[in-house]
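A.B. asks: After the structure tokens below, expect a handful of questions from me.
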Amino acid sequence: KQEVTQIPAALSVPEGENLVLNCSFTDSAIYNLQWFRQDPGKGLTSLLLIQSSQREQTSGRLNASLDKSSGRSTLYIAASQPGDSATYLCAVPPQEGGKLIFGQGTELSVKP
Amino acid sequence: NAGVTQTPKFQVLKTGQSMTLQCAQDMNHNSMYWYRQDPGMGLRLIYYSASEGTTDKGEVPNGYNVSRLNKREFSLRLESAAPSQTSVYFCASSAYRGMNTEAFFGQGTRLTVV
């Protein structure tokens, strides 16, 4: 059974700092891994989708990496801003059909 | 450019009342999902529909029913609401096969059962 873990559960950093969020999964037989952002009281916004054939995916100040063999993904945020404050979730679809298994999320706070 | 649309956004029910949460997507996705999100429990899958005409139970299906009305629409019904069903409900959709099964979520329905 696929399990997804995100550490740390919460993170507070000063503005401008580069940071890394971690995601680990137990079953490496995945098609892809997806990172989401959730603002308080809002829905989930898709940030990046990394396909299993890729090692990295970039969007603006965000860079996500995937290492299937070790069951790990990281989300790198460069030059963090207060507007980056949100909960970040990673998720994997273990089989065809795409139903996602979510980690518990990392709550990020970027202080001005 | 609507993506996934859920209605209603907020709802208060009395215990024992019934209601249907509506979800529609305009991305021609085959697969659709219903999740609930509770503090400390994360996102949990209630039901999903891999393709039009099929539905399957997720982690927490008890007390819910679903209908995949057509390719666009997937509804969630609470037949007799209970306080334990107070939660935020999210609908999502994605492609079914292949590596590009990027999922998109609606804005959620905040349900309170009193």
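A.B. asks: Share of the protein assembly as shown's accessible area from carbon and sulfur, percent, 1.4 Å?
C.D. replies: Values: 5010 of 10560 Å².
Within the protein assembly as shown, the accessible surface is 47 percent carbon and sulfur.
A.B. asks: Moving to a separate point now. Counting only other residues whose beta carbon sits under 11 Å from that of residue B:48, what net charge do I get with K and R as +1, D and E as -1? Numbers along the way, then the final one.
C.D. replies: Working: positive: A:99, B:57, B:68; negative: B:56, B:59.
Here the count lands on +1.
A.B. asks: Taking every residue in A:41-49, how many Cβ atoms of other protein chains lie within 10 Å of its Cβ, on average?
C.D. replies: The per-residue average across the peptide is 5.
A.B. asks: In Å, the Kirkwood hydrodynamic radius of the stretch A:4-43 over pairs of distinct alpha carbons?
C.D. replies: 12.9
A.B. asks: A further question on this structure: Using a 10 Å cut-off on Cβ to Cβ distances, tally the other chain neighbours for every residue of B:31-43 and report the average as a whole number.
C.D. replies: Details: counts 5, 1, 4, 0, 4, 0, 5, 0, 0, 1, 1, 7, 11.
The per-residue average across the peptide is 3.
A.B. asks: Take every Cα-Cα pair in chain A and report what % of them are more than 18 Å apart.
C.D. replies: 45
A.B. asks: Using Cα positions and a limit of under 23 Å, work out the lysines in reach of residue A:111, with same-chain residues fewer than 8 apart set aside.
C.D. replies: A:42
A.B. asks: Please report, in Å, the Rg and the Dmax of chain B, where both are computed over Cα atoms only.
C.D. replies: My reading of the Cα-based Rg and Dmax gives 13.4, 43 Å.
A.B. asks: Shifting gears a bit: The stretch A:65-93 to the stretch A:1-39: how many Å between their Cα centroids?
C.D. replies: Rounded to whole Å, the Cα centres lie 4 Å apart.
A.B. asks: At 1.4 Å probe size, with every protein chain present, just tell me what the per residue accessible area of chain A comes to in Å².
C.D. replies: With all protein chains present, chain A gives 46 Å² per residue.
A.B. asks: Looking at chain A as a GNM with Cα springs under 10 Å, which of A:69, A:80, A:46 has the largest mean-square fluctuation?
C.D. replies: A:69
A.B. asks: Could you tell me the accessible area of residue B:55 in Å² (1.4 Å probe, neighbours in place), rounded to the nearest ten?
C.D. replies: Residue B:55 exposes around 60 Å² with every protein chain in place.
A.B. asks: Counting Lys and Arg as +1 and Asp and Glu as -1, each charge on the Cβ, what is the dipole of chain B about the Cα centre in debye, to the nearest 20?
C.D. replies: 160
A.B. asks: On a straight-distance basis, which lysines could pair with residue A:99 in a cross-link, Cα separation under 19 angstrom, same-chain partners fewer than 8 positions away excluded?
C.D. replies: A:1, A:68, B:57, B:71
A.B. asks: Kirkwood Rh over Cα pairs of the stretch B:1-62 into Stokes-Einstein at 10 °C, 1.306 mPa s: D in µm²/s?
C.D. replies: Rounded, D is 118 µm²/s.
A.B. asks: Then there is this: Counting only protein heavy atoms and rolling a 1.4 Å probe, how much accessible area do A and B lose on contact, total for both sides, in Å² to 100?
C.D. replies: 1900
A.B. asks: What is the ratio of the Cα radius of gyration of the protein assembly as shown to 2.2 N^0.38 Å, where N is its residue count, to two decimals?
C.D. replies: Against the compact-globule rule of thumb, the ratio is 1.01.
A.B. asks: For chain A, build the charge dipole from Cβ charges (+1 Lys, Arg; -1 Asp, Glu) around the Cα centre, then report which of A:88, A:29, A:46 sits farthest towards its positive end.
C.D. replies: Looking along the dipole axis, the top candidate is A:29.
A.B. asks: In the stretch B:47-100, how does Rg compare with the Kirkwood Rh, expressed as the Rg/Rh ratio over alpha carbon atoms?
C.D. replies: Numbers: Rg = 12.5 Å, Rh = 12.5 Å.
Rounded to two decimals, Rg over Rh is 0.99.
A.B. asks: 7 Å from Cα along Cα→Cβ at both residue B:110 and residue A:11: what's the point-to-point distance in nm?
C.D. replies: Rounded to a tenth, the inter-label distance reads 2.8 nm.
A.B. asks: Just need the relative contact order of the stretch B:1-107 here, percent rounded to a whole number, with Cα pairs under 8 Å and 6+ apart.
C.D. replies: RCO, the stretch B:1-107: 33 percent.
A.B. asks: Whole number in Å², please: accessible area per residue of the stretch B:6-114, 1.4 Å probe, ligands, DNA and RNA not counted.
C.D. replies: About 46 Å² of surface per residue is accessible.
A.B. asks: Summing +1 for each Lys or Arg and -1 for each Asp or Glu, what net charge is found among the other residues whose Cβ lies under 12 Å from the Cβ of residue A:104?
C.D. replies: -2
A.B. asks: Let me ask another. GNM, chain A, Cα, under 10 Å: largest mean-square fluctuation among A:37, A:72, A:55?
C.D. replies: A:55
A.B. asks: Picking from A:60, A:43, A:83, which is most flexible by a Gaussian network model of chain A using Cα springs under 10 Å?
C.D. replies: A:60
The values are calculated or read from the model by the stated rules, or taken from the named source; none is laboratory data. Predicted, not measured: the structure shown is a model, and the values here were computed from it. For neighbour counting, all protein chains shown are included, and Cβ atoms are generated from backbone atoms with ideal geometry for every residue, glycine included. We work out accessible area using only protein heavy atoms, side chains counted, and drop any ligands, DNA or RNA first. Shrake-Rupley method; radii C 1.70, N 1.55, O 1.52, S 1.80 Å.
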